[in-house]
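J.: Got a structure for you, written out below as structure tokens; questions coming shortly.
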Amino acid sequence: MTTRVTLVSPAMNPSLREARFDDGCSLDAAGAARAHAAAGELRTAATALVSPTVRCRETAAALGLDARAEPALAGLDMGRWRGRTLDEVGAGEPEALARWLADPAAAPHGGESVRLLCARVGDWLEEAARCAGRTVAVVEPEVVRAVAVRVLGAPETAFWRIDVPPLTATSFTGRAGRWNLTPGTALGGSSGTP
């Protein structure tokens, strides 16, 4: 049995523009318009899921997906850094930020480490592999990174080396315990069907 999973990153919002750790804000007008323009570009899926963040839920709705929230696909818990910009954290806690970016097991913000995120989404991916049909999920960029790290068998230190632009669809195809990755395809102006 072949399993197909497409992970879609959320459309643009002010937090993404400002390099701010998710603060629960909505999509901006341009992001919402691009997501609405992409409605219908994704292949029909047996299962539609969404990360429980506002921007993911709004992106899924704009894409026309009747998606259910999946807690296992939540973004990285940023603890006390939530709502702060990367520059703010870097200015106030440079050593903590450097440790967090270098060590996948570090969680100086009091939230979740990259290692724990990779394990959580890896467990979800193993469960998804047992389901027939295609799954589409709108998830935070760090979830796409974590799945890519797991699928490629890359070290967790590679997590920060994977770019996931807004409103891109990254596909994973699995069979017999082996996964393949198709890099992100831009939605809302692209000509392909992921």
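J.: Taking the options 43, 34, 4, name whichever one is open to solvent by 30 Å² or more (accessible area, probe 1.4 Å) and part of a strand (DSSP E or B).
T.: On inspection, the qualifying residue turns out to be 4.
J.: Here's a follow-up. So which pairs qualify, if the first residue must be in the range 93-109 and under 10 Å from residue 81 (Cβ atoms), the second must be open to solvent by 60 Å² or more (accessible area, probe 1.4 Å), the Cβ gap must be under 7 Å, and the two must be at least 6 apart or on different chains?
T.: The qualifying pairs are 108/99; 109/80.
J.: In the set 141, 165, which member is surrounded by fewer than 17 Cβ atoms within 10 Å (Cβ to Cβ) and either touching a Pro at 6+ places or on another chain (Cβ under 6 Å) or of a type outside the set (A, V, I, L, M, F, W, C) (or both)?
T.: None of the others qualify; the one that does is 165.
J.: Now, a different point. Of the conditions (1) touching an Asp or Glu at 6+ places or on another chain (Cβ under 8 Å); (2) surrounded by fewer than 15 Cβ atoms within 10 Å (Cβ to Cβ); (3) at pLDDT 90 or above, residue 17 fails just one. Which one is it?
T.: (3)
J.: Right, something else. State which residue pairs qualify: first residue closer than 19 Å to residue 17 by Cα and inside the range 70-88, second residue part of a helix (DSSP H, G or I) in any location, beta carbons under 7 Å apart, and separation of 6 or more residues or different chains.
T.: Hits for this filter: 75/142; 75/143; 76/117; 76/142; 81/89.
J.: Quick check, is residue 57 in contact with a helix residue (DSSP H, G or I) (Cβ under 9 Å, 6 or more places away or on another chain), open to solvent by 30 Å² or more (accessible area, probe 1.4 Å) and over 28 Å from residue 178 (Cα atoms)?
T.: no
J.: Out of curiosity, is residue 160 in a strand (DSSP E or B), open to solvent by 10 Å² or more (accessible area, probe 1.4 Å), touching a residue at least 24 places away in the same chain (Cβ under 8 Å) and aromatic (Phe, Trp, Tyr)?
T.: No.
J.: Residues 68, 82: which one is under 17 Å from residue 107 (Cα atoms) and open to solvent by 60 Å² or more (accessible area, probe 1.4 Å)?
T.: 82
J.: Within the range 85-108, how many residues turn out to be exposed (fewer than 13 other Cβ atoms within 10 Å of the Cβ) and within 18 Å of the chain's Cα centre (by Cα)?
T.: So the answer is 0.
J.: Consider residue 66 against the criteria (1) free of Cβ contacts under 8 Å to residues at least 40 places away in the same chain; (2) in contact with an Asp or Glu (Cβ under 6 Å, 6 or more places away or on another chain): it satisfies all of them except one. Which criterion is unmet?
T.: (2)
The values are calculated or read from the model by the stated rules, or taken from the named source; none is laboratory data. The structure presented is a predicted model; accordingly, all values stated were derived computationally and were not measured. Note that each Cβ is placed from the backbone with ideal geometry, even for glycine, and that neighbours are counted across all protein chains shown. All accessible areas refer to the heavy atoms of the entire protein, side chains included, with ligands and DNA or RNA removed. Shrake-Rupley method; radii C 1.70, N 1.55, O 1.52, S 1.80 Å.
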